[in-house]
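**Student:** Here's a structure for you.
The values are calculated or read from the model by the stated rules, or taken from the named source; none is laboratory data. Because the structure is predicted, anything quoted here is derived from the model rather than measured. Every residue, glycine among them, receives a Cβ derived from its backbone with ideal geometry; neighbour counts consider all protein chains shown.
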Amino acid sequence: MSTAAQTDPMIPGMYVVRQVSKETPDTFTLTLGAENGFGTSSFQPGQFSMLWVFGVGELPISISGDPSASGKLVYTVRSVGEATHSLISRKVGDGVGVRGPFGTGWPVQAARGRDIVIVAGGIGLAPLRPVIYEVLKNRDQYGRLVVLYGSRSPQDLLYRKELAAWARQRETQILVTVDYGGLSWRGHVGVVTTLFKYARLQADRSVAMVCGPEIMMRFVTRELLAHGFSRSDVYLSMERNMKCAVGFCGHCQWGPHFICKDGPVFTYEQLRPLLEKHEL
Ligand SMILES: Cc1cc2nc3c(=O)[nH]c(=O)nc-3n(C[C@H](O)[C@H](O)[C@H](O)COP(=O)(O)OP(=O)(O)OC[C@H]3O[C@@H](n4cnc5c(N)ncnc54)[C@H](O)[C@@H]3O)c2cc1C
């Protein structure tokens with residue numbers, strides 16, 4: 001039997017907070033489970049949900065968990081305003097409405113057999129984490145995995161233990177940098193593009209997936225193209241304010257695209273005419 005939430009994309013399914021874990025001073029990871037056992041937990045890496053915090057509002061948040069883990073949905077949320085603050089303040093047992101999953105995903109199936117190059121800035125690692133899970137779980141079906149990750153400071157790094165564990169996997173290179181290191185930081189300091197000189201890249205056999213602040217994605221794309229990546233092998237996840245998430249309301253329209261349904265993941269080839277216009 002299907003529920004209304006499963007058939008109508010505007011009706012949220014009822015979920016319950018199962019776990020809340022602190023990643024950084026302002027960022028938390030929430031694990032949700034369907035309240036009545038119904039409700040989907042399947043998604044494509046890169047897709048997002050609309051999370052409804054009762055009495056506060058609804059907001060788009062990428063799914064950051066393992067796509068092969070059934071029965072739960074995982075989100076990593078940075079508190080920037082009222083809705084995100086209210087979401088990270090949920091306690092175990094509290095209810096959250098969930099619509100989705102929505103949008104396009106990263107090309108994880110199409111990228112089989114190729115090297116995967118992930119470039120993330122700040123909270124941008126969250127929508128890319130499912131790709132890392134997918135590659136590591138199906139290790140023989142992909143070439144090398146290279147992750148370049150930048151955050152503001154060591155305290156702002158997401159998934160610190162996982163970063164260390166991923167770095168120990170075969171055929172995997174994890175490079176991390178911070179804008180400001182402080183006295184105890186022994187790693188790289190500088191913006192994420194400064195990591196390219198340490199990365200072992202083979203552009204002709206790679207697919208790049210990039211998520212972070214828009215200015216960072218512009219510079220990263222420039223660097224990838226300079227390293228020989230083709231425009232159609234560079235994927236970017238775009239962020240715009242949105243309401244309906246199904247292409248009706250127009251809030252997230254960007255040129256000819258609705259970020260919610262045509263994206264959030266696009267190739268650079270698709271976005272180039274828009275990214276080159278700075279006023280958009
Ligand atoms: C497809 C998609 C996926 C997202 N995934 C995540 C995620 O995984 N984790 C996460 O923490 N956040 C994610 N976001 C951003 C998140 O939706 C916003 O931070 C949130 O809506 C802000 O709501 P608020 O009420 O807390 O803040 P507000 O009070 O609405 O805004 C606080 C500040 O953030 C800015 N802002 C608000 N919404 C956006 C937006 N969509 N894009 C850029 N700036 C914005 C405002 O201009 C303001 O400066 C995603 C957004 C989109 C479109």
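**Student:** If you check G37 against the conditions, is it out of contact with any Cys (no Cβ under 8 Å at 6 or more places or on another chain), at pLDDT below 95 and not in a strand (DSSP E or B)?
**Tutor:** yes
**Student:** I would also like to ask the following. When the stretch 217-239 is examined, which residues are found to be in contact with a strand residue (DSSP E or B) (Cβ under 7 Å, 6 or more places away or on another chain) and within 16 Å of the ligand (Cβ to nearest atom)?
**Tutor:** M217, Y235, L236, S237, M238
**Student:** Return the only residue of L163, L201, L145 being more than 26 Å from P273 (Cα to Cα), in contact (Cβ under 8 Å) with a residue 60 or more places away in the chain, surrounded by 14 or more Cβ atoms within 10 Å (Cβ to Cβ) and hydrophobic (A, V, I, L, M, F, W, C).
**Tutor:** L201
**Student:** Can you tell me how many residues in the stretch 24-54 are of a type outside the set (F, W, Y), closer than 14 Å to R90 by Cβ and more than 13 Å from the ligand (Cβ to nearest atom)?
**Tutor:** Residues that pass the stated criteria total 4.
**Student:** Could you list all residues from the stretch 204-217 that are surrounded by fewer than 20 Cβ atoms within 10 Å (Cβ to Cβ), at pLDDT 95 or above and either closer than 20 Å to I116 by Cβ or touching a Leu at 6+ places or on another chain (Cβ under 9 Å) (or both)?
**Tutor:** D204, R205
**Student:** Going by the conditions given, is I132 in a helix (DSSP H, G or I), more than 9 Å from the ligand (Cβ to nearest atom) and crowded, with 18+ Cβ neighbours inside 10 Å?
**Tutor:** yes
**Student:** Look at the stretch 56-115 and say how many of its residues are among the charged types (D, E, K, R), within 13 Å of the ligand (Cβ to nearest atom) and in contact with a Ser or Thr (Cβ under 6 Å, 6 or more places away or on another chain).
**Tutor:** Of the residues in that region, 1 qualify.
**Student:** Within the set of pairs 6 or more residues apart or between chains, which connect a residue that is part of a helix (DSSP H, G or I) inside the stretch 80-108 to a residue that is β-branched (V, I, T) and more than 10 Å from the ligand (Cβ to nearest atom) with Cβ atoms less than 9 Å apart?
**Tutor:** Final answer for the pair search is L87/V96; I88/V20.
**Student:** May I ask you to list the residues in the stretch 241-280 that are in contact (Cβ under 8 Å) with a residue 40 or more places away in the chain and farther than 22 Å from V207 by Cβ?
**Tutor:** If the condition is that a residue be in contact (Cβ under 8 Å) with a residue 40 or more places away in the chain and farther than 22 Å from V207 by Cβ, then M242, K243, C244, A245, V246, C260, K261 are the ones that fit.
**Student:** Same structure, new question: Would you tally the residues in the stretch 147-159 being more than 16 Å from the chain's Cα centre (by Cα) and more than 15 Å from the ligand (Cβ to nearest atom)?
**Tutor:** 3
**Student:** I would also like to ask the following. Considering only residues that are within 13 Å of the chain's Cα centre (by Cα), of a type in the set (V, I, T) and surrounded by 22 or more Cβ atoms within 10 Å (Cβ to Cβ), which ones fall in the stretch 89-119?
**Tutor:** Hits for the stretch 89-119 are I118, V119.
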